[in-house]
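Encoded as structure tokens, the structure appears first; notes follow it.
Values in this text are rule-based calculations from the coordinates and carry no lab data. As the structure is a computational prediction, the values presented were derived from the model and not from experiment. No Cβ is skipped: glycine too gets one built from the backbone with ideal geometry, and neighbour counts run over all protein chains shown.
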Amino acid sequence: MKSSKQLGNASLAFQTPVYIHSAASIVGKKEGEGPLSSAFDMICDDPMFGADTWEEAESTMQKEAASLAIGKAGLRPEDIRLLFAGDLLAQSMASSFGIAGLGIPFYGLFGACSTMGESLSLGAMTVAAGYGDHVLCATSSHFASAEKEFRFPLGYGNQRPLSASWTVTGSGACVLGAAPPSPAVLGHSDPLRRADTCAVITGITTGRLVDYGLKDSQNMGACMAPAASDTIERHLTDFERSPLFYDAIVTGDLGAIGQQILLDLLKEKGIDLTSVHRDCGLMIFDGNTQDTHAGGSGCGCAASVLCAELLPRIISGEWKRFLFVPTGALLSKVSFNEGDSVPGIAHAVVIERADAEKEG
């Protein structure tokens, strides 16, 4: 029996759901002062996380989030078959020098801010195909390491345009499994481990590069919105669903500008997302009291909001299902300095309550 059914040329519907056994989130001080402060597993007031460099700080944060997720699942690193993780930095430094040190067979990823969607997609395919009973998916970003990598050193004190987003200092990690969580650990304090229900991944739509020729790296929402529109439209077509099939369709970090562009692009295609759309970049910060301009961004934005805020809505019964669509702007220092445009990508992951299919 096939583990998944192909829909269209980029979507998969899993014949047997992939279970999310645990999730962990760690963020920095600014994120901890936002609307979701009570939802995160850990808030670190020290932006250096006890390390000597910004890059080492991000590595420490990501490794800690991964270790926390593994512990919540009642597992040890040696119980994890494969690890899919990445970050924003050159050669995926944060992951290579951090989480990879856990000794788990490691695939390093780069999907920019869409990396959590990429890792969950690959992890779910791996588990569904029977190539591992437990897979770890993780990513991270750090405001200071990202500014150093892509923009200006913090000491430069450059002025940020209103279209700019604020890179989230945060990390999220999930353990995926082929079977429901073991009864032996269902009593764990992690809200994902309730005995009456759990969160599962039931489908994915893989994104493709979409490039509208935009070159403004300080307006990444505009660069990524066309990719989000493309993926969401193809997902709804492939699965033959309307937006209202979902309690929410959640993009990663389009921010205020990108959100409006996305809604406008989809309306032109006859798709009204207004009532169900949310954006992690607008959820993690308070736009009225925190100076984050267009909103949050970075790999850690969608990942930490997924683990801290979105998955618990499934477990509590508030939502039956949502579509998680983290978005990425695939630029580099080289491409920017050579005057290239900024292509975007977005990966969609269907996350449901395990009993949602029965309820309809």
Inset, instruction - Starting at the first residue of the range 244-258, write each ³J(HN,Hα) from the Karplus equation 6.51 cos²θ - 1.76 cosθ + 1.60 with θ = phi - 60°, in whole Hz, x for Gly and Pro. - result: 6, 5, 9, 5, 7, 10, 10, 8, x, 7, 6, x, 5, 6, x
Legend entry - Fraction of beta bridges assigned by DSSP in the range 197-359 that are antiparallel (%, nearest 5): 65 percent
Inset, instruction - For the range 270-344, state what percent of all Cα-Cα pairs lands in each successive 5 Å bin, counting from 0 Å until the bin that includes the largest distance. - result: 3, 13, 17, 19, 19, 15, 9, 4, 2, 1
Inset, instruction - Report, ordered by chain and residue number, the aspartates and glutamates lying within cross-link reach of Lys63, taken as a straight Cα distance under 20 Å and ignoring same-chain residues fewer than 8 apart. - result: Glu31, Asp41, Asp45, Asp46, Asp52, Glu55, Glu78, Asp79, Asp87, Glu118, Asp190
Legend entry - Rounded to the nearest 20 debye, dipole of the chain from Cβ charges on Lys, Arg, Asp, Glu: 680 debye
Legend entry - HN-Hα J in Hz across the range 132-141 - Karplus 6.51, -1.76, 1.60, θ = phi - 60°, x for Gly and Pro: x, 6, 9, 10, 9, 10, 7, 6, 7, 8
Inset, instruction - Kindly work out what percent of the DSSP beta bridges joining two residues of the range 1-116 are antiparallel, to the nearest 5. - result: 35 percent
Inset, instruction - Select one label from [x] 54, 50, 35; [y] 55, 45, 41; [z] 62, 49, 36: the one whose number is Cα extents along the principal axes in Å as derived from the coordinates shown. - result: [x]
Inset, instruction - Report the antiparallel proportion of the DSSP beta bridges in the chain as a percent, rounded to a multiple of 5. - result: 65 percent
Inset, instruction - Tell me which residues come under 5 Å, amide H to amide H, from Gly203 once H is placed; ignore anything under 5 positions away on its chain. - result: Phe14, Val350
Legend entry - D (Stokes-Einstein, µm²/s), Kirkwood Cα radius, the range 19-177, 1.567 mPa s at 4 °C: 82 µm²/s
Inset, instruction - Would you mind checking Lys148/Lys267; Lys30/Lys72; Lys215/Lys320; Lys29/Lys267 for any pair whose Cα atoms are more than 27 angstrom apart? - result: Lys148/Lys267; Lys215/Lys320; Lys29/Lys267
Inset, instruction - Arrange Ser171, Ser332, Ser275 by Cβ neighbour counts within 10 Å, fewest through most, would you? - result: Ser275, Ser332, Ser171
Inset, instruction - Rank the residues Met42, Met125, Met61, Met116 as a footprinting-exposure proxy: fewest other Cβ atoms within 10 Å of their Cβ go first. - result: Met42, Met125, Met61, Met116
Inset, instruction - Enumerate the calculated ³J(HN,Hα) couplings along the range 216-233 in order (Karplus 6.51 cos²θ - 1.76 cosθ + 1.60, θ = phi - 60°), each rounded to whole Hz, writing x wherever the residue is Gly or Pro. - result: 8, 6, 9, 9, 5, x, 5, 5, 8, 4, x, 5, 4, 4, 4, 5, 5, 4
Inset, instruction - Take Asp291, Asp87, Asp79 and order them by how many other Cβ atoms sit within 10 Å, fewest up front. - result: Asp291, Asp79, Asp87
